Amino acid sequence: MKIPFNNPVPVGNEEENIKIALQSGHLSGDGAFTKKCHTLLEETLGVPKVLLTTSCTHALEMMAILLDIWEGDEVIIPDFTFVSTVNAFVLRGAHPVFVDIRPDTLNLDESKLEEAITPRTKAIVPVHYAGVGCEMDAIMGIAQHHKIPVLEDNAHALFAKYKGKYMGTFGSMAAQSFHETKNFSCGEGGALLINDHKLVERAEIVREKGTNRSRFFRGQVDKYTWVDIGSSYLPSDILAGVLYAQLEEREKIQAYRKTLWETYHFALKDWAEKENIQLPTVPEHTEQAYHMFYILLPNLDARQKFIAYLREHDIHSVFHYLPLHLSDMGIRLGGRPDDFPITEDVSNRLVRLPFSYGLSSSEQEQVIDSVLRFKVL
């Protein structure tokens, strides 16, 4: 496509950091750049511990291990999310309990949360869709009342806030993504944010293949050995160098993404109202991460025509998640049509427009000009 949906580009010292990592003699995990990323995120977010991982998926899997999820446990998850959110817990034998989403922010509907809780509920996993925070006051209140841990899927929402507090700092843990489609990227990568001090030491063990290797390198034990289950979740320090360059430029990146988002919103609002199209909703008490710009067409047929129309103009737009309960795996777990009407409706109508730091202002103008010429009927 002439104008791609996503265009990952360097923004600062990525190439220089790669050279430094290559020359350092330490290419594996937990090198100098990994530690710099840890420190930057911990100090900026006020998180007790951050651990880079090879992906957000692996950060989610670590959360499931650290929470001792076992067969028969239930985990509450929004029906409208990526498969990694649910896979991490199903891999441990848990049964996912899906909850429908709000029609405005497309986040987990907190009003439906209480009815999903049972004596077997082991965790609640809100997903901050499009970088807009869930209603965390209500979610945390319900979770605390039932003494259930909250684990945030914060893949879209790094540096976003809810009532002045950073997303990813509400639950006992949060998972972060640095995939190439995210605001800050190293191609493939993630992070585990740990807000519960009691989980830190075991998290280091799980991340290091179930060994106490981190304690050994700190001089706390004279040799390291296998002490728990775990896997290899450490990214190369080369990737950490790329990520650190992006995090250093976080204010520049976020400012540009904000400009892109606001330009879309201002240019399309009259067209959207005329064509019966819904633009994103961002509550006043939230500060979004400007992760994406989506629109909701009136129906599936209009959505498909819109995507094809943009493709004819060499513009790549994409839809997003399919309802988890209607997937092959979701049906095997008991999902049925019409169980989650908002998710099913939104999934049929949503389109994401090109949106990345690599999208130039002139390219965005071309997208907007094309969109404004589209007629639903």
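When we screen His145, His179, His156 for residues that are assigned to a helix (DSSP H, G or I) and either touching a helix residue (DSSP H, G or I) at 6+ places or on another chain (Cβ under 9 Å) or not basic (Lys, Arg) (or both), the only hit is His145. Considering only residues that are buried (at least 23 other Cβ atoms within 10 Å of the Cβ) and more than 11 Å from Leu60 (Cβ to Cβ), which ones fall in the range 71-95? The answer is Ile76, Pro78, Asp79, Phe80, Ala94. Report, by residue number, each residue of the range 165-202 that is surrounded by fewer than 24 Cβ atoms within 10 Å (Cβ to Cβ) and within 14 Å of Gly29 (Cβ to Cβ). Scanning the range 165-202 gives a single hit, Glu188.
Can you tell me how many residues in the range 159-176 are part of a loop (DSSP other than H, G, I, E, B) and touching a helix residue (DSSP H, G or I) at 6+ places or on another chain (Cβ under 9 Å)? Residues meeting the conditions: 9. Of everything listed in (1) over 23 Å from Glu115 (Cα atoms); (2) in contact (Cβ under 8 Å) with a residue 60 or more places away in the chain; (3) in a helix (DSSP H, G or I); (4) in contact with a strand residue (DSSP E or B) (Cβ under 7 Å, 6 or more places away or on another chain), the single unmet condition for Ile342 is (1). Can you find, within the range 304-340, the residue that is surrounded by the most Cβ atoms within 10 Å (Cβ to Cβ) among those that are charged (D, E, K, R) and modelled with pLDDT under 95? Across the range 304-340, the extreme among qualifying residues is Asp339.
The test for being crowded, with 21+ Cβ neighbours inside 10 Å and in contact with a Phe, Trp or Tyr (Cβ under 7 Å, 6 or more places away or on another chain) holds for Phe355. Contact map, the range 273-295: residues that are over 18 Å from Asn154 (Cα atoms) and without any contact (Cβ under 8 Å) to a residue 60 or more places away in the chain paired with residues that are assigned to a loop (DSSP other than H, G, I, E, B) and among the charged types (D, E, K, R), Cβ distance under 6 Å, separation 6+ or inter-chain. No pairs are found.
Among the residues making up the range 310-319, those that are under 20 Å from the mean Cα position of the chain (by Cα) and part of a loop (DSSP other than H, G, I, E, B) are Ser317, Phe319.
Each row is one residue, and each column tells you yes or no for (1) at positive phi; (2) in a helix (DSSP H, G or I); (3) under 20 Å from the mean Cα position of the chain (by Cα).
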site: Ala308; (1), (2), (3): no, yes, no
site: Tyr321; (1), (2), (3): no, no, yes
site: His325; (1), (2), (3): no, yes, yes
site: Pro337; (1), (2), (3): no, no, no
site: Ser347; (1), (2), (3): no, yes, yes
site: Val351; (1), (2), (3): no, no, yes
site: Phe355; (1), (2), (3): no, no, yes
site: Gln366; (1), (2), (3): no, yes, no
site: Val371; (1), (2), (3): no, yes, no
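Between Arg336, Arg311, Arg352, the distinction of being among the charged types (D, E, K, R), out of contact with any Lys or Arg (no Cβ under 8 Å at 6 or more places or on another chain) and without any contact (Cβ under 8 Å) to a residue 12 or more places away in the chain belongs to Arg336 only.
All conditions but one from (1) of a type outside the set (A, V, I, L, M); (2) crowded, with 18+ Cβ neighbours inside 10 Å; (3) touching a strand residue (DSSP E or B) at 6+ places or on another chain (Cβ under 7 Å) apply to Lys161; the one that does not is (2).
The values are calculated or read from the model by the stated rules, or taken from the named source; none is laboratory data. All values derive from a computational prediction rather than experimental measurement. Positions of Cβ are generated from backbone atoms using ideal geometry, with glycine treated the same way; all protein chains shown enter the neighbour counts.
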